[in-house]
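Chemist: Quick one: the structure is below, questions incoming.
The values are calculated or read from the model by the stated rules, or taken from the named source; none is laboratory data. Owing to the predicted nature of the structure, the values given are computational and were not obtained by experimental measurement. In this analysis, Cβ positions are derived from the backbone assuming ideal geometry, glycine residues included, and neighbour counts consider all displayed protein chains. We work out accessible area using only protein heavy atoms, side chains counted, and drop any ligands, DNA or RNA first. Shrake-Rupley method; radii C 1.70, N 1.55, O 1.52, S 1.80 Å.
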Amino acid sequence: MKEKYTPLFEPFTFRSGITLKNRIVMAPLTNYSSNDDGTVSDAELRYYSRRATGVGMVITACIYVTENGKGFPGEFSGTSDEMIPSMRRLASTIKEKGAQAVLQIFHAGRMAPPELVPGGEIVSASEVADDNAPIPRALTDEEVQEIIRAYGETTRRAIEAGFDGVEIHGANFYLVQQFFSGHTNRRTDRWGGSLEKRLAFPLAVVDEVKRVVAKHADRPFLVGYRFSPEEPYEKGITMDDTFVLVDALADKELDYLHVSLQDFWSKPRRGGDSTRTRIEQIRERIGDRTAVIGVGSLYTADDVLAARQTGVPLIALGRGIIIEPEWVEKVMDGKEDEIATTVGPNDQEKLEIPDPLWERIMTVEGWFPVKKETPVK
């Protein structure tokens, strides 16, 4: 390995005591490939096994915590104890390859496709629809509390299944973010209104997850939180709102905050300092209160090194680790010039990518950097 890449391979220990062997994390990315009954498929296990060998930690695709929280076809379920054996298979597959296994826990809210949830009824903080989607029903106070408890129950199942931690999915326009956003949360009760009241649901989920960990975990078990720093909507989240969220989360003694960005180097649209990157300002705001994971269109070893040199302690690879499962090994072996940064129509079998994920990679324009090839007949 070239000496300049050594900062990527230093161990890192979280507040909880969990230690990573290096600074590279596999980011959560939906793969649409679970079985119809919500259990993890063999194809998913092969996909994760291939990518867990080099990285320090794998954050799984999101698992839904209630039946009305399912956000994607082929998403795996954490809604009942019957799912623990399935969850255990996934945790074991990741851990036996040497990576720490973290389960991302999630509720889609208004982003749930009606055909995937009971009765076709989608729910959210308020009756504000996504573009060209049905109007969701606003959750009652009792239902809000039930969903908070469901986050805790799925965390308990993750502990019993052998995971090393959970990541609360508070990003990408899903339910936790819907409660924090002034665009989607128009409530006037204790769960909405002022910025501070819009924080109530995210912080209640954090508190419940931490309570369950304290009660049930008999070993170090980490809790992280992923968030999106801005929204494009007029009344949506701004960078200044995010600074308030970050302060509140950092004071909860979480193991890390994971900044969900399409571009690691992006700058704010509204609020903050428009001349500096979002992640630089977030890291500065957090200080040493908790760790930060950065992500966003990083593919080459030099891309990741540059991101690490900003002072962000952990760097996540999403599309990059799917395109190049041996990313870590190639850098360690001094073969960083051989890292693939595009995927071609003939690469599915070589990369062990499940059929549903492969179909989306090949058909959703701009989602992955695709090289032009003639597909094998």
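Chemist: Alpha carbon centre of the stretch 1-78 versus the stretch 243-282: separation in Å?
Modeler: Rounded to whole Å, the Cα centres lie 22 Å apart.
Chemist: Between Glu142 and Trp367, with labels modelled 7 Å along Cα→Cβ, what's the label distance in nm to one decimal, could you check?
Modeler: Label at Glu142, label at Trp367, 3.9 nm between them.
Chemist: Let me ask you something else. Please list 3J(HN,Hα) in residue order for the stretch 178-188, calculated via the Karplus relation 6.51 cos²θ - 1.76 cosθ + 1.60 where θ = phi - 60°; whole Hz, with x for glycine and proline.
Modeler: In residue order, the calculated couplings are 4, 6, 7, 7, x, 6, 9, 10, 10, 5, 10 Hz.
Chemist: Then there's this: With a 1.4 Å probe and every protein chain left in place, work out the accessible area per residue of the chain in Å², rounded to a whole number.
Modeler: Averaged over the residues of the chain, the accessible area is 40 Å².
Chemist: Provide, as a two-decimal number, the C-alpha radius of gyration of the stretch 258-377 over 2.2 N^0.38 Å, N being how many residues it has.
Modeler: Expressed relative to 2.2 N^0.38 Å, the Cα Rg reads 1.22.
Chemist: Using alpha-carbon pairs under 8 Å, 6+ residues apart, how would you state the relative contact order of the chain in percent?
Modeler: 16
Chemist: Please list 3J(HN,Hα) in residue order for the stretch 141-146, calculated via the Karplus relation 6.51 cos²θ - 1.76 cosθ + 1.60 where θ = phi - 60°; whole Hz, with x for glycine and proline.
Modeler: 3J(HN,Hα) across the stretch 141-146, in whole Hz: 4, 4, 5, 4, 5, 5.
Chemist: Cα-based Rg (one decimal) and Dmax (whole number) for the stretch 98-196, in Å?
Modeler: When restricted to the Cα atoms of the stretch 98-196, Rg and Dmax are 14.7, 48 Å.
Chemist: How big is the dipole moment of the chain about its Cα centre under a simple scheme where the beta carbon of each Lys and Arg is +1, that of each Asp and Glu is -1, and everything else is neutral? Debye, nearest 20, please.
Modeler: Around 700 debye, computed over the chain.
Chemist: A further question on this structure: Given a Förster distance of 35 Å, report the FRET efficiency between Asp273 and Glu121 from their Cβ-Cβ distance, rounded to the nearest 0.05.
Modeler: Once the sixth-power term is evaluated, E becomes 0.25.
Chemist: Answer with one residue from Thr60, Pro113, Gly78: the one whose Cα lies farthest towards the positive end of the charge dipole of the stretch 55-118, charges on Cβ with Lys, Arg +1 and Asp, Glu -1.
Modeler: It is Thr60, whose Cα lies furthest towards the positive end.
Chemist: Among Phe76, Phe227, Phe14, which one shows the biggest mean-square fluctuation in a GNM of the chain, springs joining Cα atoms closer than 10 Å?
Modeler: Phe14
Chemist: Whole-Hz ³J(HN,Hα) for each residue in the stretch 248-262, computed from phi via Karplus 6.51 cos²θ - 1.76 cosθ + 1.60 with θ = phi - 60°, x for glycine and proline: what do you get?
Modeler: So the Karplus estimates, Gly and Pro as x, are 5, 5, 4, 6, 7, 6, 6, 6, 7, 10, 10, 8, 7, 9, 6 Hz.
Chemist: Long-range amide H contacts for Val343: which residues qualify at under 5 Å (H placed 1.01 Å from N, peptide plane, sequence gap of 5 or more or a different chain)?
Modeler: Val370, Lys371
Chemist: Name the long-range amide H neighbours of Gly54: under 5 Å, sequence gap of 5 or more, or other chain; modelled H, no Pro or chain starts.
Modeler: Sorted by chain and number, the residues that satisfy this come to none at all.
Chemist: Give Lys70/Lys197; Lys252/Lys335; Lys4/Lys210; Lys4/Lys252 a once-over and call out the pairs whose C-alpha atoms are over 31 Å from each other.
Modeler: Going by Cα-Cα distance, Lys252/Lys335; Lys4/Lys210; Lys4/Lys252 fall outside the 31 Å limit.
Chemist: Here is a follow-up. Pull out the extension gain between Lys4 and Tyr233, defined as 0.36 nm times the separation in residues minus the alpha carbon to alpha carbon distance; nm, one decimal.
Modeler: Between Lys4 and Tyr233, full extension yields an extra 78.3 nm.
Chemist: Further question on the same structure: Measuring from a point 7 Å past the Cα of His216 along Cα-to-C-beta, which residues in the stretch 144-162 have an amide N at less than 18 Å?
Modeler: 145-162
Chemist: What ranking, highest mean first, results for peptides 166-175, 334-343, 279-288 when packing means the other Cβ atoms within 10 Å averaged over each residue?
Modeler: 166-175, 279-288, 334-343
Chemist: At Asp240 and Glu82, where each label point lies 7 Å from the Cα along Cα→Cβ, what is the point-to-point distance in nanometres?
Modeler: Spacing of the two 7 Å Cα→Cβ label points: 5.0 nm.
Chemist: Here is a further query. With a 1.4 Å probe and every protein chain kept in, tell me what percent of the accessible surface of the stretch 240-361 is carbon plus sulfur.
Modeler: Ligands and nucleic acids excluded, carbon and sulfur reach 41 percent.
Chemist: If a/c stays under 1.5 just call it rounded; otherwise compare a/b with b/c (prolate if a/b is bigger, oblate if not). Do that for the stretch 1-89, with a ≥ b ≥ c from the square roots of the Cα gyration tensor eigenvalues.
Modeler: Note, shape of the stretch 1-89 comes out prolate.
Chemist: Let me ask something else about it. Just to be sure I understand: with springs between alpha-carbon atoms less than 10 Å apart, which residue in Lys197, Lys215, Lys70 has the highest mean-square fluctuation in the Gaussian network model of the chain?
Modeler: Greatest mean-square fluctuation among the candidates belongs to Lys215.
Chemist: Between Arg186 and Ala306, what is the label-to-label distance in nm when each label sits 7 Å out along the Cα-to-Cβ direction?
Modeler: The answer from the label model is 4.3 nm.
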